[in-house]
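Here's the structure, in structure tokens; my notes come after.
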């Protein structure tokens, strides 16, 4: 029975197949359909390619950010056009207004005198002075490895690269705000990196040296304890204060082209009878040159940086205050001081960071060991 049914079904299918054409006729709009399909396919491919490209760019950017923030190399810097208005990158901690050279360390401080970072740490030696350049990328410091009776190492520390290099030696030094010149004090041939301590009463030398070319200008002078570059680097102020007293501070003009001799003249208060400026501490800051006078003690004068003409004292503490340092910063005129008790003996624990406000000292916070403070000029914007 099954064979008969299968044969009938096969015959029926064969007959039906003979009625069907070998090729089906194409639709009338076949070419239009093909064109539409091609356009749709190209569009899908184009957007898919753009999506893949966007994903690749995003992945590369993510890798760059991770490398810049967590890698072992220098931080990634993104160049911006002058019209972008983006501020330059600051290598110092936000809010830094001062550096403190203290023992084996250089630390940065905010306006309240709180430490926000350790910038330099040496294995041995005593860092007595530190200065940040105006671009906030380099810190220069003086490290004494053999005591105050010997010359120390003048070191350049690259903040971003976390590296340092001994550049020369000096008994005292300063760096120009742009970091291109050094002012060195000591005996010996300072221009060639040969320094010897200056004996008491002897004449030493100030040398202004170009960091790149090593060209220099010099001046014979003695008893210098500190040097400070003017904000534009056109002159220095040198001060000294030894056991026999404080000689007059001196202005030292620096030639634009080094090689010519340095020219020096004593600083004096203005008036009909100018009196010599006997400075225990000097510092340039907002508004001019600030001088902590050795006599009368506890008196701070401010000079116009262009003409070095003195105005009335910004603070006159007399014998009631022991003022050790003056540090004018972008946020105010700060001093390290202590009120003198009736006994006349001031303990180290009594010193603190004060701010001069309307001729008075206002306590900011106690600083038992402030070190040597220097201001950090605000980073230039735009």
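Quick notes on this one:
- Within the range 138-157, tally of residues that are in a loop (DSSP other than H, G, I, E, B) and surrounded by 14 or more Cβ atoms within 10 Å (Cβ to Cβ): 2
- Qualifying residue in the range 352-372 (condition: over 30 Å from residue 88 (Cβ atoms), touching a helix residue (DSSP H, G or I) at 6+ places or on another chain (Cβ under 7 Å) and exposed (fewer than 11 other Cβ atoms within 10 Å of the Cβ)): yes
- Members of the range 290-317 found to be modelled with pLDDT of 85 or more and either out of contact with any strand residue (DSSP E or B) (no Cβ under 6 Å at 6 or more places or on another chain) or not in a strand (DSSP E or B) (or both), listed by number: 313, 314, 317
- Selected residue (only one of 135, 192 is closer than 25 Å to residue 376 by Cβ and either surrounded by fewer than 24 Cβ atoms within 10 Å (Cβ to Cβ) or touching a strand residue (DSSP E or B) at 6+ places or on another chain (Cβ under 6 Å) (or both)): 135
- Considering residues of the range 158-184 that are more than 18 Å from the chain's Cα centre (by Cα) and within 16 Å of residue 213 (Cα to Cα) only, the residue surrounded by the most Cβ atoms within 10 Å (Cβ to Cβ): 184
- Checking residue 200 against (1) buried (at least 21 other Cβ atoms within 10 Å of the Cβ); (2) in a loop (DSSP other than H, G, I, E, B), the condition it does not meet: (1)
- Candidates in the range 232-247 are the residues that are surrounded by fewer than 17 Cβ atoms within 10 Å (Cβ to Cβ) and under 22 Å from residue 305 (Cα atoms); of these, the one that is nearest to the chain's Cα centre (by Cα) is 232.
- Residue in the range 232-246 that is farthest from residue 297 (Cα to Cα), counting only those that are modelled with pLDDT of 90 or more and touching a strand residue (DSSP E or B) at 6+ places or on another chain (Cβ under 6 Å): 235
The values are calculated or read from the model by the stated rules, or taken from the named source; none is laboratory data. Everything numeric in this text was worked out from a predicted model, so none of it was measured. Quick reminder, even Gly has a Cβ in these numbers, built from the backbone with ideal geometry, and neighbours come from all protein chains shown.
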